[in-house]
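Quick notes on the structure that follows.
Values in this text are rule-based calculations from the coordinates and carry no lab data. The model shown is predicted, which means the values in this text are computed figures rather than measured ones. Cβ coordinates were reconstructed from backbone atoms using ideal geometry, including for glycine residues, and neighbour counts include every protein chain displayed.
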Amino acid sequence: MSLNREAFNKFAEMAGQLADMDTPVEMPDDQRVANAKRVMMEKMDAPKAAMLESCIHCGMCAEVCHFYMTQEDGKFTPILKLDLLKRVYRRELSPLRWMHRLYTRDVTIEDLEEWQELVYDTCTVCGRCSLICPMGIHIAAMMPIMRNAYSAAGMVPAELHLMDSQQDQGHLFGVGKDEFIGLIEQLRSQGLEIPVDKDKADIMVLTSVLDIMVSQDSLIAMIKIMNHLGYDWTFRTDGYECANFGMLSGDEEVHLKASKKIIDAAVACGAKKVIVAECGHSYPALRYEAPDIWGHALPFEVLATSEFLGQEVEKGTLKLKKAEGVHTVTFHDPCKNNRWGGVEKEPRAVLTALGLEIREPDSTGRTNICCGGGGGAFLINRTADYRQRVFELKRDQIDATGSEALVVTCGSCRLNFEVGKMKSNWGKPVESLVEMVGDNLDDGAARSGTGSP
Ligand code: SF4
Ligand code: SF4
């Protein structure tokens, strides 16, 4: 199985036109500044203030940020990306604000314009800087506040702003419920059994616009795996899309609306588990952030695809054959699954069950370096050079392992690697974990179809 090249090219062409298709938000500049400051103040609390005031300017966060590592420009130092937040805190909320106002500049529209590149283009909210800071400053956890502020100011990059509007209208890149149903019908006509809109099901499976458009083999693989396992599962046409552009842009309304569709569909069918497609950001968007915005704990478990597959392998329910044609692989951990979600051993358990030797690069697992396209950066056209440099850093690390293929579990990482490959003539195959599993199900060990998850 592999990426659909024709669909990939079409997707890349559409992605290149997003900025031109967007309608910018009209707002007076002073209103933009006031809105951004209001959100920063609303989201500030004592622990965040303490973190912002704890920086000892050691610069260690810069040394581990892939954008600083590849540009070596001091402006990409992670903590400086939060400077506007710190200034607003000091001038408006700090106990010593009367003093700070004497020497801390107020935030201006020019500042907001300048920081947009730091908040979106050169931060993938990967969390690597937060690991290293000796003062325990969780820079990445505060970056979404900056994005919330930019959203309130109507200053989200055009590509992400357009995707917000599309998500709000129920379609992404022209793919909505009808297109999803059309694909399901097409796959059924090819002989696949696909449960859709069951009234009751133990497991609800999500897909993503990338799988529907570009990586249909991933979707097919997941269907085959679920049928092979024999669980009571379903897709729901009222909650199938896991991508959440509200989380990427900082628009909490869009974020919650997208998450609520999934939550409502899962509650309606009584799902005990919801499995997120191979899509990095969708995992924290639903698992961690949706309950915060919604204000309730989720009444079901949320699992990344690789997490689910690894658990099934470890339980002995998912039996796999030895993968053919490749013996050694490097696994790229999506930041949002591993660093944020702790999903590390599960994909490796799957690769081992496929008989593969895993060759880890210098930075791996929890300390893995982002693909460079996370946090929505993949869609922002002007970040292409930044992303390519990060790709080259990754490529060199992966090549140094001597492995035959790279395995990924995030559609966005996959596309970012594919773009990097094309631009640098890199010959390494980039494989999807779920597709490898779908290709190597041990049919002799299929379950009876009556199991519970
Ligand atoms: S979260 Fe990642 S991309 Fe953002 S500043 Fe930190 S290390 Fe850099
Ligand atoms: S690593 Fe922490 S203390 Fe050092 S400069 Fe970065 S934020 Fe400040």
- Query: In the chain, what % of DSSP beta bridges are antiparallel (nearest 5)?
  - Reply: 10
- Nitroxide proxy distance, nm - points 7 Å out along Cα→Cβ at Lys75 and Thr328: 4.2
- Cα gyration tensor shape of the range 97-140, rounded if a/c is under 1.5, else prolate or oblate by comparing a/b with b/c: oblate
- Where nothing but the Cβ of Lys and Arg (+1) and of Asp and Glu (-1) is charged, how large is the charge dipole of the chain around its Cα centre, in debye to the nearest 20? 1000
- Query: Taking other Cβ within 10 Å of each residue's Cβ, how do Tyr68, Tyr103 sort, fewest first?
  - Reply: Tyr103, Tyr68
- Item | For the chain, with +1 on Lys and Arg beta carbons and -1 on Asp and Glu, the positive-most of Cys413, Gly316, Trp115 along the dipole | Gly316
- Message: Quick check: the angle from helix 29-43's long axis to the longest principal axis of the chain, C-alpha only, nearest 10 degrees?
- Response: 70
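Using R₀ = 30 Å, calculate the FRET efficiency as 1/(1 + (r/R₀)^6) where r is the Cβ-Cβ separation of Glu357 and Glu63; round to 0.05.
Details: r = 31 Å, r/R0 = 1.03.
E(calc), rounded to 0.05, equals 0.45.
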- Within the range 328-439: Cβ-based charge dipole about Cα centre, in debye rounded to nearest 20 (Lys, Arg +1; Asp, Glu -1): 460
- Note on the structure: In nanometres, the difference between 0.36 nm per residue of separation and the alpha-carbon distance of Arg188 and Lys321 is 45.3 nm
- Task: Net charge near Glu179: determine it from the other residues with C-beta under 13 Å of the C-beta of Glu179, scoring Lys and Arg +1 and Asp and Glu -1.
- Result: -3
- Query: In the neighborhood of Ile398, defined by Cβ-to-Cβ distances under 13 Å, what is the net charge if each Lys or Arg adds +1 and each Asp or Glu adds -1?
  - Reply: -3
- Enumerate the lysines that Lys198 could reach by cross-link, defined here as Cα to Cα under 24 Å, with residues fewer than 8 away along the same chain left out. Lys177, Lys224, Lys257, Lys260, Lys261, Lys272, Lys273
- Message: Once you keep just the Cα pairs under 8 angstrom separated by 6 or more residues, what percentage relative contact order results for the range 259-326?
- Response: 34
- Query: In units of 2.2 N^0.38 Å, what is the alpha-carbon radius of gyration of the range 328-439?
  - Reply: 1.00
- Considering the range 180-299, what Rg and Dmax in Å follow from its alpha-carbon atoms? 14.0, 43
- Task: May I ask you to sort Cys335, Cys279, Cys55 by Cβ crowding, counting other Cβ atoms within 10 Å and putting the fewest first?
- Result: Cys55, Cys335, Cys279
- Message: Taking a ≥ b ≥ c as the square roots of the Cα gyration tensor eigenvalues, with a/c under 1.5 meaning rounded and otherwise prolate when a/b beats b/c, else oblate, which class fits the range 137-233?
- Response: prolate
- Of every Cα-Cα pair in the range 22-161, the percentage lying beyond 24 Å is 29
- Message: If I stretch the segment between Lys260 and Thr367 completely, what's the gain in nm (0.36 nm per residue apart, minus their alpha carbon distance), one decimal?
- Response: 35.3 nm
- Message: Given contacts defined as C-alpha pairs under 8 Å and at least six residues apart, what's the relative contact order of the range 169-315, whole-number percent?
- Response: 24
- Item | Label-point gap, in nm, between Ala268 and Ser165 - each point 7 angstrom along Cα→Cβ | 2.8
- Message: I need the calculated FRET efficiency for the pair Asp396 and Met135, taking r as the beta carbon distance and R₀ as 30 Å, to the nearest 0.05.
- Response: 0.45
- Message: Relative contact order for the chain: what percent, with Cα pairs under 8 Å and sequence separation of 6 or more?
- Response: 18
- Item | Sum of -39500 (n - 2.57) over DSSP H runs of 4+, divided by residues of the chain (222 nm, nearest 500) | -14500 deg cm²/dmol
- Work through the residues other than His66 whose Cβ is under 9 Å from its Cβ and net out their charges, Lys, Arg +1 and Asp, Glu -1. +3
- Query: Can you pull out the GluC sites (Glu not before Pro) in the range 289-338 that DSSP calls coil and that have at most 15 other Cβ atoms within 10 Å?
  - Reply: Glu324
- Query: Per 10 Å bin from zero, what fraction in whole % of the C-alpha pairs of the chain is there, up to the bin with the longest pair?
  - Reply: 4, 21, 31, 26, 13, 4, 1, 0
- Could you order peptides 28-34, 163-169 by the average number of other Cβ atoms within 10 Å of their residues, highest first? 163-169, 28-34
